[in-house]
Amino acid sequence: MIRVIAIDDHELILSAISDELSKHPDIELVGTADHGLKLHNLVREKLPDVVILDLSMPGEVFDPITAVKTLLQEHPEVRVLILTGNIEPAYIQHLVNAGALGYLYKGDNFAQFLSQAVRTVYNGERFYSPTVMNIVLGKGQ
């Protein structure tokens, strides 16, 4: 069983994540949060295998790059999957360098790729949704 937590400031996105992952008996959503600042406490409490993390949390003082680095220093066994609307190439590179194994663009119908992405990063491999893959390969948006 792959244990997953999801952090996103949009309730609709958290609901979509929950609905999609509930279709897969090998994946269990064990916790959610609506603020990035809850990331570390939720990881300590729920001990997930995979963290699905949004980057943009309005009104918060939250640096996702530092958060990913710190999370992986404290919990190197956890895999990070970014789920965001931000596809700025430099940002993608910084998060990959920080240790995120997956990067899903919300505009790529993320629900279609979510379970595959969770399984892939859980296995220690990289997963990028199509738009992100094109950026990583230098083909633009």
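Things worth noting here:
- Qualifying position, being touching a residue at least 60 places away in the same chain (Cβ under 8 Å) and more than 13 Å from the chain's Cα centre (by Cα), among E20, E11: E20
- Residue check, S129 of a type in the set (G, A, S) and modelled with pLDDT of 95 or more: yes
- Given (1) at pLDDT 95 or above; (2) under 14 Å from the mean Cα position of the chain (by Cα), number of the condition P25 does not satisfy: (2)
- Residue, surrounded by the fewest Cβ atoms within 10 Å (Cβ to Cβ), within region 125-137, restricted to residues that are more than 14 Å from the chain's Cα centre (by Cα) and touching a residue at least 40 places away in the same chain (Cβ under 8 Å): V136
- If you go through region 1-16 and pick out every residue that is part of a helix (DSSP H, G or I) and either buried (at least 19 other Cβ atoms within 10 Å of the Cβ) or of a type in the set (A, V, I, L, M, F, W, C) (or both), you end up with 4.
- Selection from region 49-66 of residues that are buried (at least 18 other Cβ atoms within 10 Å of the Cβ) and more than 12 Å from the chain's Cα centre (by Cα): M57, F62
- Positions within region 84-124 being closer than 23 Å to L12 by Cβ, loosely packed, with under 15 Cβ neighbours inside 10 Å and touching a residue at least 24 places away in the same chain (Cβ under 8 Å), in sequence order: G85, G107
- Region 67-83, subset more than 9 Å from the chain's Cα centre (by Cα) and within 15 Å of G102 (Cβ to Cβ), residue surrounded by the most Cβ atoms within 10 Å (Cβ to Cβ): V68
- Residues within region 55-86 that are at pLDDT below 85, at negative phi and not aliphatic (A, V, I, L, M), tallied: 4
The values are calculated or read from the model by the stated rules, or taken from the named source; none is laboratory data. This structure is a prediction, so every number in the text was calculated from the model and none was measured. Cβ sites come from the backbone with ideal geometry, for glycine too, and all protein chains shown count toward neighbours.
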